[in-house]
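Peer 1: Below are the structure tokens for one structure; questions will follow.
Where a number appears in this text, it was derived from the coordinates with a stated rule and is not lab data. Computed from a predicted model, the values in this text were never measured in an experiment. Because the Cβ atoms are built from the backbone with ideal geometry, glycine has one as well, and the counts that use them run over all protein chains shown.
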Amino acid sequence: MSEIKEMVAEVVEKVLKHKVEKETVDLLEENLWAENVWQLLLENELHNVAVSEEEGGAGGDIEDLLELYGLIGKYAAPVPFIEHTLANYLLKQIDIKGYEQLTTYSITAPLQLKEDALFGTLKHVPWAKYAEKIVALAQEGSQQFIVVADLENAVLKNGTNLAAEPRSEVVFENMKALQKVPITAKQYMSLSKLVTAASVSKMNGALTTVFQLSVQFSKEREQFGRPIHRFQLVQQHLANMAGEQTLMTVATNNVQTLLGDGQEGLEVAYTRLRMDDASRAVATAAHQVHAAIGVTHEHRLHQFTRRLWAWRDEEFTARYWKQQLAKQMLESKMDLWESITEQNEAHVHA
Amino acid sequence: MNLPKVQFTEEQKQFRQEVRSFLKQHIEKGTFETRCDSWLSGSNPDFSKIVAEQGWIGMTWPKQYGGKERSTLDRYILTEEFLAFGAPVAAHWFADRQTGPLLLRFGTEYQKEFFLPKIIKGECFFAIGLSEPNSGSDLASVTTRAEKVEGGWIVNGAKTWSSNAQDSHYMVTLIRTEPLGEKKHEGLSQFIIDLKGEGVTITPIRYLTGEPHFNDVFFDNVFVPDEMVVGTLGNGWKQGLAELAFERSGPERILSTFPLLNEAIEQLKKKRDYAGLEEAMKLVAELWSLRNLSIGVAKVLEEGGEVNIPAALVKSIGTKFEQKIPEIVRLLLDVYPDLQSEKEIERYLAESILHAPGFTIRGGTSEVLYGILAKGVIAQ
């Protein structure tokens with residue numbers, strides 16, 4: 001774990017807490033975004049976390065960065081922070097220097113590569129509308145590559161996800177690859193785990209806020225002459241949410257630490273898979289606790305529940321990991337108990 | 001809620017292998033048969049004796065009492081392996097899990113010297129006496145009472161749902177030692193009662209399968225000497241709460257039906273049922289997350305931290321998971337639940353279905369736990 005972790009997280013939390021209000025998040029629905037927050041993050045060099053100081057970065061490691069992703073989720077910050085920093089971090093894994101210009105990524109499905117030209121369509125690319133570069137997956141024959149392309153000349157069909165975050169369909173028709181690096185299946189697995197760790201982190205952040213909003217509301221809202229948290233049926237919702245939130249926070253912390261230590265097992269896959277259940281359970285219970293006010297646009301709750309609903313179907317989904325895990329289990333000579341205990345122990349040492 | 005991240009060492013990994021091969025040998029020899037929910041329903045004093053010979057009862061306790069001073073995480077590993085292989089460890093379970101820690105924390109020197117070495121040798125089993133015919137979830141309303149006499153106390157009353165009391169030597173019993181006042185949590189004390197003593201009657205309550213499992217225990221003018229009072233008179237409620245953290249957070253709240261899940265996955269692999277495995281992976285993911293949580297609590301317990309809330313949390317979600325396993329497995333495989341079947345999976349499924357309703361009741365009903373959790377969350 002990096003020493004700067006706490007300090008960096010504090011700065012980011014302070015910025016987001018004060019600068020990202022309900023109205024700030026609403027900007028996305030008016031085709032705007034929180035450029036001032038983005039500027040503040042840049043001024044504080046936060047886009048350079050997990051970039052070494054020799055390379056002009058701010059130091060820290062992936063664990064620090066993932067913790068910041070948790071905060072982005074917790075405050076629903078409408079900035080392309082995760083997209084830009086993770087795109088550059090992916091490039092770093094294959095020894096390519098990151099870009100200053102706003103960069104995004106999409107590595108779930110491959111483009112076709114013919115010599116240096118890219119063909120194909122990428123769907124639901126985050127923040128492509130504002131980004132200048134994209135890190136993508138491409139294929140030539142049976143060889144996979146990580147490529148970088150300019151978005152300037154790409155054909156974009158802009159849309160949004162369920163939470164009004166910018167998502168675009170990007171069409172590549174004979175577009176030049178600025179960079180192309182061949183990768184192995186093993187490298188691809190590592191990159192997909194990084195992307196998933198980012199999703200898990202932001203989802204856990206949003207989930208935490210949904211839970212906290214519900215606790216707060218249950219204390220403030222009075223019915224039948226007392227705060228609603230005094231009712232046992234409401235208490236049951238709160239208890240269930242507390243369980244899900246704690247379970248996911250412990251799992252997410254584990255994933256972050258293991259990646260920070262340079263170890264990668266199946267933890268991230270398990271966490272992502274379980275996160276689907278947790279998102280559903282917490283979002284459902286939170287809306288039930290908030291009742292009518294929670295389904296209005298005026299209340300903040302939807303800014304987080306909509307994100308959970310959107311994020312669970314993006315990138316490497318629970319469905320994807322369920323398939324990967326099943327495949328591994330099918331091929332494994334170990335039984336379940338051996339593989340669960342090996343998992344923990346093979347990748348972990350005190 | 002933040003819990004520490006736990007990493008197992010190389011030595012711990014080896015210890016796990018040691019326990020595992022011990023259990024496999026005994027299954028092969030026919031010492032025991034794997035069963036679901038065996039930690040509570042599999043009382044086998046002979047097997048407990050064998051476990052004791054390994055030095056695996058009271059393994060974390062001080063050497064001066066015969067313990068091994070091993071870490072809580074070593075014990076966690078041991079427990080997990082017992083559960084994964086469905087070993088019949090119920091006879092010594094309570095003494096190892098909570099009576100020992102209770103005595104180490106609150107017991108007198110005499111009590112520690114008298115009981116701990118016997119527990120460690122697998123010669124002394126404890127039952128827990130909390131619930132009464134008229135106090136279940138409202139535990140503090142106990143009416144079993146003691147009156148002071150020369151050199152000790154005279155106890156009258158009854159305890160119920162006491163698991164494995166039929167095989168136990170003593171019972172840690174929650175008793176009212178002062179008349180019921182304004183606050184019902186006050187005036188309660190913990191006594192160690194000799195279950196073979198005069199005035200004690202144990203009558204079995206058969207589990208819904210007909211098996212012996214829990215008991216009614218009646219006290220008719222039972223004399224309990226002063227030296228069998230645990231900790232401070234009148235402090236029984238608080239002492240009991242400390243015990244509950246051990247009782248609620250362990251792997252036995254996650255793994256009671258694990259043998260079924262393990263076997264189901266083996267069968268799906270054999271059939272190369274890819275779709276079935278995908279569904280099963282959801283359970284594995286849940287198991288993995290729950291296990292992290294429970295190990296985190298074990299670590300906090302080792303460091304003497306406050307874990308009442310997270311322990312309640314482990315129990316409330318963990319037991320729901322244990323109940324879910326048979327319900328999913330029966331949709332994934334063509335398997336008929338049969339306690340007498342020659343096929344392991346059919347037995348495991350039958351055991352899991354029949355024992356499942358108890359998971360969310362014993363050790364505190366889920367409803368009581370939800371109350372504790374909600375109050376904890378609101379107080380934060």
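Peer 1: Where in the stretch A:2-79 are there GluC sites (Glu not before Pro) that are in a DSSP coil and have at most 15 other Cβ atoms within 10 angstrom of their Cβ? Before the final figure, lay out each step's value.
Peer 2: Numbers: sites: A:Glu3, A:Glu6, A:Glu10, A:Glu13, A:Glu21, A:Glu23, A:Glu29, A:Glu30, A:Glu35, A:Glu43, A:Glu45, A:Glu53, A:Glu54, A:Glu55, A:Glu63, A:Glu67; in loops: A:Glu3, A:Glu21, A:Glu45.
Here the sparse-neighbourhood loop sites are A:Glu3, A:Glu21, A:Glu45.
Peer 1: Also, I was wondering about something else. Could you check the simple spin-label distance between A:Ile94 and A:Glu35, using points 7 Å along Cα→Cβ, in nm with one decimal?
Peer 2: 3.2
Peer 1: Using only the alpha-carbon atoms of the stretch A:1-79 as identical scatterers, what base-10 log of I(q)/I(0) does the Debye formula give at q = 0.10, 0.16, 0.21, 0.22 Å⁻¹?
Peer 2: These q points yield log10 I(q)/I(0) values of -0.24, -0.58, -0.91, -0.97.
Peer 1: Out of all Cα-Cα pairs in the stretch B:1-123, roughly what percent, to the nearest whole number, are more than 27 Å apart? Kindly include the intermediate steps, with their values, before the conclusion.
Peer 2: Details: 1426 of 7503 pairs.
Within the stretch B:1-123, distances greater than 27 Å cover 19 percent of Cα pairs.
Peer 1: Applying 1/(1 + (r/R0)^6) with R0 = 45 Å to the Cβ-Cβ distance of A:Glu13 and B:Thr232, what FRET efficiency is obtained, to the nearest 0.05?
Peer 2: Numbers: r = 44 Å, r/R0 = 0.98.
Here the calculated transfer efficiency is 0.50.
Peer 1: Work out the charge dipole of the stretch A:186-346 with +1 on the Cβ of Lys and Arg and -1 on the Cβ of Asp and Glu about the Cα centre, then indicate which of A:Leu330, A:Thr271, A:Ala242 is farthest towards its positive end.
Peer 2: Going by the charge dipole, the pick is A:Ala242.
Peer 1: If I histogram all Cα-Cα distances within chain B using bins 10 Å wide from 0, what percent of pairs lands in each bin?
Peer 2: 5, 23, 34, 26, 10, 2, 0, 0
Peer 1: Place a +1 charge on the Cβ of each Lys and Arg in the stretch A:186-346 and a -1 charge on the Cβ of each Asp and Glu, then give the dipole magnitude about the Cα centre in debye, rounded to the nearest 20. Display every interim value, and only then the final one.
Peer 2: On the way: 18 positive and 17 negative charges, 119 e Å.
So the dipole magnitude of the stretch A:186-346 works out to roughly 580 debye.
Peer 1: Counting other C-beta atoms within 10 Å, and keeping those with at most 12, which DSSP coil trypsin sites (Lys or Arg not before Pro) do you find in the stretch A:22-100? All intermediate terms of the calculation are to be shown ahead of the outcome.
Peer 2: Details: sites: A:Lys22, A:Lys74, A:Lys92, A:Lys97; in loops: A:Lys97.
Of the trypsin sites (Lys or Arg not before Pro), the ones in loops of the stretch A:22-100 whose Cβ has at most 12 other Cβ atoms within 10 Å are A:Lys97.
Peer 1: For A:Leu330, project a label point 7 Å along Cα to C-beta. Then give me every residue of the stretch B:271-315 with its amide nitrogen under 19 Å of that point.
Peer 2: B:271-285
Peer 1: Could you check the spin-label model distance between A:Ser190 and B:Glu198? Points 7 Å from the Cα along Cα→Cβ, value in nm.
Peer 2: Once both label points are built, they end up 7.7 nm from each other.
Peer 1: Another question, if that's okay. Can you tell me the convex hull volume per residue for the stretch A:36-181, based on C-alpha atoms, in Å³ to the nearest whole number?
Peer 2: Value for the stretch A:36-181: 109 Å³ per residue.
Peer 1: How big is the antiparallel share of DSSP beta bridges in the stretch A:102-183, given as a percent to the nearest 5? Before the final figure, lay out each step's value.
Peer 2: Details: 30 of 36 bridges.
Among the beta bridges of the stretch A:102-183, antiparallel pairing accounts for roughly 85 percent.
Peer 1: Here's a follow-up. Quantify how much of the Cα-Cα distance distribution of chain A extends past 26 Å, in percent. Mind dumping the intermediate values first?
Peer 2: Working: 31281 of 61075 pairs.
The answer is 51 percent, as a whole percent.
Peer 1: OK, next. If you fit an axis through the alpha-carbon atoms of helix A:336-346 and take the longest principal axis of the Cα set of chain A, what angle between them do you get, 0 to 90°, nearest 10?
Peer 2: In chain A, helix A:336-346 runs at an angle near 70 degrees to the longest axis.
Peer 1: Among B:Lys282, A:Lys14, which comes first, then next, by fewest other beta-carbon atoms within 10 Å?
Peer 2: Details: B:Lys282 19, A:Lys14 12.
Result, fewest neighbours first: A:Lys14, B:Lys282.
Peer 1: Sorted from largest to smallest, which semi-axis lengths in Å does the alpha carbon gyration tensor of the stretch B:127-235 give for its equivalent ellipsoid, taking the root of 5 times each eigenvalue?
Peer 2: Details: eigenvalues 105, 55, 22 Å².
Equivalent-ellipsoid dimensions as semi-axes: 23, 17, 10 Å.
Peer 1: Something else about it: Based on a Kirkwood Rh over C-alpha pairs, give the Stokes-Einstein translational diffusion coefficient of the stretch A:117-183 at 10 °C and viscosity 1.306 mPa s in µm²/s.
Peer 2: Details: Rh = 12.2 Å.
Once the numbers are plugged in, D ends up at 130 µm²/s.
Peer 1: I've got another one for you. Using only the alpha-carbon atoms, how far is helix B:236-249 inclined from the longest principal axis of chain B? Give it as 0 to 90 degrees, nearest 10.
Peer 2: 10
Peer 1: Just to be sure I follow the definition: excluding the sites themselves, where is the longest run in chain A that has none of the chymotrypsin sites (Phe, Trp or Tyr not before Pro) in a DSSP loop with at most 16 other Cβ atoms within 10 Å? Please list the in-between numbers first.
Peer 2: Numbers: sites that count: A:Phe224, A:Phe231.
Answer from the scan: A:1-223.
Peer 1: While we're on this one: Between A:Gln223 and B:Glu211, what FRET efficiency comes out of the Förster formula 1/(1 + (r/R0)^6) with R0 = 51 Å and r the beta carbon distance, rounded to 0.05? Mind dumping the intermediate values first?
Peer 2: Details: r = 47 Å, r/R0 = 0.92.
FRET efficiency, B:Glu211 to A:Gln223: 0.60.
Peer 1: A further question follows. How much mean residue ellipticity at 222 nm does the protein assembly as shown get from its helices, if each DSSP H run of length 4 or more adds -39500 (n - 2.57) and you divide by all residues, to the nearest 500 deg cm²/dmol?
Peer 2: Values: 24 runs with 362 residues, N = 730.
It comes out at -16500 deg cm²/dmol, rounded to the nearest 500.
Peer 1: Averaged across orientations, what area in nm² does the convex hull of the alpha carbons in the protein assembly as shown project? Display every interim value, and only then the final one.
Peer 2: On the way: hull surface 135.2 nm².
Mean shadow area of the hull around the Cα atoms is 33.8 nm².
Peer 1: To make sure I understand, if each residue's beta carbon is the centre and we count other beta carbons within 10 Å, what order do A:His290, B:His185 fall in, fewest to most? Before the final figure, lay out each step's value.
Peer 2: Details: A:His290 23, B:His185 14.
With the sparsest Cβ surroundings first, the list reads B:His185, A:His290.
Peer 1: With everything on Cα atoms, drop me the angle between helix A:232-260 and the longest principal axis of chain A, reported from 0 to 90° to the nearest 10.
Peer 2: The angle comes out near 30 degrees.
Peer 1: To continue, here is another question. Along the charge dipole of the stretch B:189-237, pointing to its positive end and built from +1/-1 on Cβ of Lys, Arg, Asp and Glu, which listed residue (B:Gly231, B:Val200, B:Gly210) has its Cα farthest out?
Peer 2: B:Gly210
Peer 1: Still on this structure: Take the alpha carbon atoms of the stretch B:87-101, find their center, do the same for the stretch A:101-166, and report the distance between the two centers in whole angstrom.
Peer 2: Taking the Cα centre of the stretch A:101-166 as reference, the centre of the stretch B:87-101 is 58 Å away.
Peer 1: Assigning unit charges at the beta carbon (Lys, Arg +1; Asp, Glu -1) and nothing else, what dipole magnitude in debye, to the nearest 20, does the stretch A:102-183 show about its Cα centre?
Peer 2: On the way: 8 positive and 9 negative charges, 35 e Å.
Taking the Cα centre of the stretch A:102-183 as origin, the dipole is about 160 debye.
Peer 1: Within a Cβ distance under 13 Å of A:Val11, other residues only, what is the Lys/Arg minus Asp/Glu net charge?
Peer 2: Working: positive: A:Lys5, A:Lys14, A:Lys17, A:Lys19; negative: A:Glu6, A:Glu10, A:Glu13, A:Glu43, A:Glu45, A:Asp64, A:Glu67.
Once all neighbours under 13 Å are counted, the net charge is -3.
Peer 1: What is the distance in Å between the Cα centres of the stretch B:196-219 and the stretch A:1-66?
Peer 2: 63
Peer 1: Report the longest stretch of chain B that contains none of the GluC sites (Glu not before Pro) sitting in a DSSP loop with at most 11 other Cβ atoms within 10 Å.
Peer 2: Result, exposed sites excluded: B:199-302.
Peer 1: Moving to a separate point now. Using DSSP to call loops (not H, G, I, E or B), can you name the GluC sites (Glu not before Pro) in the stretch A:292-339 whose Cβ has at most 12 other Cβ atoms within 10 angstrom?
Peer 2: Numbers: sites: A:Glu298, A:Glu314, A:Glu315, A:Glu331, A:Glu338; in loops: A:Glu298, A:Glu314, A:Glu315.
Of the GluC sites (Glu not before Pro), the ones in loops of the stretch A:292-339 whose Cβ has at most 12 other Cβ atoms within 10 Å are A:Glu298.
Peer 1: In addition: Let me know the charge dipole size of the stretch B:304-365 about its Cα centre in debye, to the nearest 20, where only the beta-carbon of Lys, Arg (+1) and Asp, Glu (-1) is charged. Show your work: numbers first, answer last.
Peer 2: Numbers: 7 positive and 9 negative charges, 57 e Å.
Magnitude of the dipole: close to 280 debye.
Peer 1: Evaluate peptide B:83-91: per residue, the Cβ atoms of other protein chains within 10 Å of its Cβ; return the mean as an integer.
Peer 2: Working: counts 1, 6, 1, 0, 0, 0, 0, 0, 0.
Across the residues of B:83-91, the mean count of other-chain Cβ atoms within 10 Å is 1.
Peer 1: Assuming R0 = 41 Å, what is the FRET efficiency of B:Asn221 and B:Leu331, from their Cβ-Cβ distance, to the nearest 0.05? Write down the numbers at each step before the final one.
Peer 2: Numbers: r = 55 Å, r/R0 = 1.34.
Plugging the Cβ-Cβ distance into 1/(1 + (r/R0)^6) gives 0.15.
Peer 1: Report relative contact order for the stretch B:41-137 in percent, whole number only (criteria: Cα-Cα under 8 Å, sequence separation at least 6). Display every interim value, and only then the final one.
Peer 2: Working: 110 pairs, mean separation 35.3, N = 97.
Averaging sequence separation for qualifying contacts and normalising by length gives 36 percent for the stretch B:41-137.
Peer 1: May I ask what percent, to the nearest 5, of DSSP beta bridges between residues of the protein assembly as shown are antiparallel? If you can, show how the numbers build up before the last one.
Peer 2: Working: 64 of 77 bridges.
Beta bridges within the protein assembly as shown, antiparallel portion: roughly 85 percent.
Peer 1: Using Cβ contacts closer than 10 Å as the measure, can you line up B:Lys13, A:Lys186, A:Lys322 from fewest to most? Working shown, then result.
Peer 2: On the way: B:Lys13 18, A:Lys186 8, A:Lys322 22.
Least crowded to most crowded, the residues run A:Lys186, B:Lys13, A:Lys322.
Peer 1: How large is log10 of I(q)/I(0) for the stretch A:161-265 at q = 0.23 Å⁻¹ when the intensity is taken from the Debye formula with one equal scatterer per alpha-carbon?
Peer 2: For the stretch A:161-265, the Cα-only Debye profile gives -1.19.
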